[in-house]
Structure formats: C-alpha cells, structure tokens
Amino acid sequence: MAGLVEALATFAIILTAFGLMLGILKPADAFKRIGLILGTVIALLIVPQIAACTWSAIPLWQQLALIVIGSVILLAFTARHGKRSRLRE
C-alpha cells in the first residue's frame, strides 16, 4: 500500500512540476496542489496505522460493540436510501 501511495504521489508531483514549467499552472496553484498531494499521502499512510493500533488496543467486547453499532448504522442507511430510491421510480 505504501509503495503504491508513494508512486502515485511522485507521479502527481511530477505532473504538477510539468504544469508549472509549461505555464499551465500558476505558482500559487502549484503550491496548493503539492500541499494537497502531501496531505493526502500523509493521511493514507498514517490513518490506517493509527486505526490498527487503536483497534488492537481495545478489548474484544468493545470491538464487538463497535461492529454492532456500525452494522446498525449501515442497515439504517441502506433501508432509508432504499425507500428514497423506490419513491423516485
């Protein structure tokens, strides 16, 4: 996963650099895009690690409670979305 994220970030930064050199991008826009790319890379590399460490640190009963809560929310959302799509037809 990390290798793929790094490769995509490198590609995006290279494209941004070409756009800056060719005059397609303004310098301010290029800095915004590079900041966005780096922020996304950091989020994609750090957030899963934090989630994994947190998940392994909590007791089993809390893991089960989170799974049940997530399932109930997912079922409620899909049921509500299903009613809305049937009304449109």
Amide H neighbours of LEU25 at under 5 Å, excluding residues fewer than 5 places away on the same chain, with H built from the backbone geometry, are LEU20
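Considering all alpha-carbon pairs of segment 1-57, what whole percent are spaced by more than 13 angstrom?
Values: 1009 of 1596 pairs.
Value for segment 1-57 (Cα pairs over 13 Å): 63 percent.
Per-residue ellipticity at 222 nm for the chain, helices alone: DSSP H runs ≥ 4 residues times -39500 (n - 2.57), over residue total, nearest 500 deg cm²/dmol?
-32000 deg cm²/dmol
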Which helices of the chain meet both criteria: a Cα extent of 24 Å or more along the helical axis and a mean Kyte-Doolittle score no lower than 1.6, with helices taken as whole DSSP H segments?
-> 2-21
Which of these, ALA52, ALA28, ALA43, has the largest mean-square fluctuation under a Gaussian network model of the chain (Cα springs below 10 Å)?
-> ALA28
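Values quoted throughout were computed directly from the atomic coordinates according to the rules given, and no laboratory measurement underlies them. Every value quoted in this text rests on a predicted model; they were computed, and no experiment measured them.
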